1. May I ask you to list pairs of residues, at least six apart or on different chains, whose Cβ atoms are under 6 Å apart, with the first in region 37-48 being among the β-branched types (Val, Ile, Thr) and the second being crowded, with 19+ Cβ neighbours inside 10 Å?
2. Go through (1) open to solvent by 60 Å² or more (accessible area, probe 1.4 Å); (2) of a type outside the set (Phe, Trp, Tyr); (3) without any contact (Cβ under 8 Å) to a residue 24 or more places away in the chain for residue 79 and report which single condition fails.
3. If you check every pair at least six apart or on different chains, which have Cβ atoms under 7 Å apart with a residue in region 99-114 that is in a helix (DSSP H, G or I) first and a residue that is of a type in the set (Phe, Trp, Tyr) second?
4. Take region 117-126 and flag every residue that is exposed (fewer than 14 other Cβ atoms within 10 Å of the Cβ) and either assigned to a helix (DSSP H, G or I) or at pLDDT 95 or above (or both).
Amino acid sequence: MKARLHVYDFLLQAMQSRRDRKRLKGLLESEDFRNLEPAAEQVIAAHLHVKKLFCRMNKEGISMCQAFDELMKEERLNGKREGEKAGKKKERFSIIRKMHKKGMEEALIRELTGCTKKEFAAATGR
């Protein structure tokens, strides 16, 4: 009976931590968690409402800890890509603004940069 209470206690802690990834990661890496049965991990994953985590555990047959680590790596890579994309857009808009300030016509700027009318307007504040 004690193990069952432990699983419920762990489930409650995990649910309270589900919006705090750092706290949840610490909980999932704890020694107590590593001793849970795979079925208990499945129940916890389902109740955390982290669909990607649950699907990866089922699809790949891996532990919650491993699935969580892999998802975090993916999220970091996605964040890095998004940051690079935003940086390129910012640089592109900066070039468009400079060209516009130098008196270049909109049509020429759009032709050279490949920007749309909407992007040109956003870059130049029009």
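1. Hits for this filter: 44/14.
2. The failed condition is (1).
3. Matching pairs, first to second residue: 106/120; 109/120; 110/120.
4. Filtering region 117-126 down to residues exposed (fewer than 14 other Cβ atoms within 10 Å of the Cβ) leaves 117-118, 121, 125-126.
Correct list: 117, 118, 121.
The values are calculated or read from the model by the stated rules, or taken from the named source; none is laboratory data. Since this is a predicted model, take the numbers as computed values, not measurements. Using ideal geometry, Cβ is built from the backbone for each residue, glycine included, and neighbour counts are taken over all protein chains shown. To get the accessible areas, we keep the full protein, side chains included, count just its heavy atoms, and leave off ligands, DNA and RNA. Shrake-Rupley method; radii C 1.70, N 1.55, O 1.52, S 1.80 Å.
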